[in-house]
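Derivation of every value follows stated rules applied to the coordinates shown; laboratory data play no part. What you see is a predicted model, and the numbers here were worked out from it, not measured in a lab. Heads up, the Cβs are rebuilt from the backbone with ideal geometry, glycines too, and the neighbour counts pull from every protein chain shown.
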Amino acid sequence: MFAPKYVITDQLLANIKRISSLVGDINTRRFPKLVMLEFERRARAVSAYASTSIEGNPLPLTEVKKILKSRPENIRDSEREVLNYNQALESLSKYFESGDTLLTLPFILHIHKQVVDGLLPDFESGKLRQKPVIVNDPRTGRAVYWPPDSEKVEVLMTDLIRFVHDNKNRIDPLILAGIFHKQMVIIHPFMDGNGRTTRLATKVLLAQMGLNTFNLFSFENYYNQNVTKYFQMVGEYGDYNDLIDKIDFTHWLEYFTGGIIDELLRVSKLLPDRGITPETHLETYHEHILKHIQQYGYITDKTYATFTDRAKATRALDFLKLIKLGLIQRKGKGRSTYYVLKKDE
């Protein structure tokens, strides 16, 4: 029976309270649907970039955004990793919206299959590993961790999922999600794709518990800022069989919750004045502008005039309002002026 060791320190308790406050603040704000869709698109791009970058993917964020926009057919493995992760994010977000998000072993296997599609052979895709693996230090290439024997993987994963379900009303959701994250990394249930699958499964778990990370922020982004520290905190060093009774989750839980705070603060800075107020309320014609740009990549005043009867001076004010709200930006000059969605900072 899985019984993790941890202490609810003053730091951990303070982090949990801070997260509750930040989430409450964000949840009180309301945003137009099209604005929310744009935020979700940005969050997925950051998540796909960060989570694959953690595992060594060399593609920069700018390239990741281009790939997600163009979705090329002939791709390298590095590009496939990004597209797979983004596809999994989109699918999981839809599952969450439908309410069908019970975290089970088959569901986790389904996530893994999406993550490694075209990257692993079929007999290892969406399947628990049947062979031993060794975790190497990415900097030195030396073996640093020997996960549990493959025969134990299914029992350990089943035990972990049962622990989560049995304690969902007894243990704080953030602590429960953090414990799940680290323990799944420790079990290392797959031949490859363990980190990506774990981070996605954790997002599902957080969403079930009321902290939906699919629509606004990317907790993977925090880990990618210092990958070495992430691996040190989430992983273990040595043989699992020797460590099993010594693993303490306390420092990891402080780090895990601290990372969520860091990302919530980053997102909050992007949303200071975009709630629905008289100054920020978007009319139907504003939404039509955004929808056109999302579909075609840009819009000109001449194009805007074809689907609105608003005067030229009024159309200029419509564009100006969206610029002031930080939703679009002006490109070109004079008759060559056009507008695109504002790029991330």
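Checking the Cα-Cα distances for K17/K321; K17/K182; K65/K182; K113/K269; K94/K229; K203/K324 against a 25 Å cut-off, the pairs over it are K17/K321; K65/K182; K113/K269; K94/K229; K203/K324. The packing ranking of peptides 329-335, 10-16, 285-291, highest mean first, is 285-291, 10-16, 329-335, where packing means the average number of other beta carbon atoms within 10 angstrom of each residue.
Identify the trypsin sites (Lys or Arg not before Pro) of the stretch 175-276 meeting these criteria: DSSP loop state and at most 15 other C-beta atoms within 10 Å of the C-beta. Passing sites in the stretch 175-276 are K246. Annotation for L61 and K17: the two label points, set 7 Å from Cα along the Cα-Cβ direction, are 3.2 nm apart. Summarised as an ellipsoid, the chain has semi-axes of 41, 23, 17 Å, derived from the eigenvalues of the Cα gyration tensor scaled by 5 and square-rooted, with the largest first.
Residues whose amide H falls under 5 Å from that of Y6, counting only those 5 or more places apart or on a different chain, are F249, with hydrogens built in the peptide plane.
For a straight C-alpha distance cut-off of 19 angstrom, the aspartates and glutamates reachable from K5 (same-chain residues fewer than eight places away being disregarded) are D159, D166, D172, E236, D239, D242, D245, D248, E254. If R0 is 41 Å, the Cβ-Cβ spacing of Q329 and E151 corresponds to a FRET efficiency of close to 0.10.
For the stretch 284-341, just run the numbers: alpha carbon Rg, then divide by 2.2 N^0.38 Å, N being how many residues it has. Mind showing how you got there, number by number?
Numbers: Rg = 10.2 Å, N = 58, 2.2 N^0.38 = 10.3 Å.
Taking N as the residue count of the stretch 284-341, the ratio is 0.99.
Of the peptides 154-165, 43-54, 303-314, the order by per-residue mean of other Cβ atoms within 10 Å, starting with the highest, comes out as 43-54, 154-165, 303-314.
Of the beta bridges DSSP finds with both residues in the chain, what % are antiparallel, to the nearest 5? Before the final figure, lay out each step's value.
Details: 7 of 10 bridges.
If I count the DSSP bridges inside the chain, around 70 percent turn out antiparallel.
Given a Förster distance of 30 Å, report the FRET efficiency between L270 and V7 from their Cβ-Cβ distance, rounded to the nearest 0.05.
Values: r = 34 Å, r/R0 = 1.15.
Once the sixth-power term is evaluated, E becomes 0.30.
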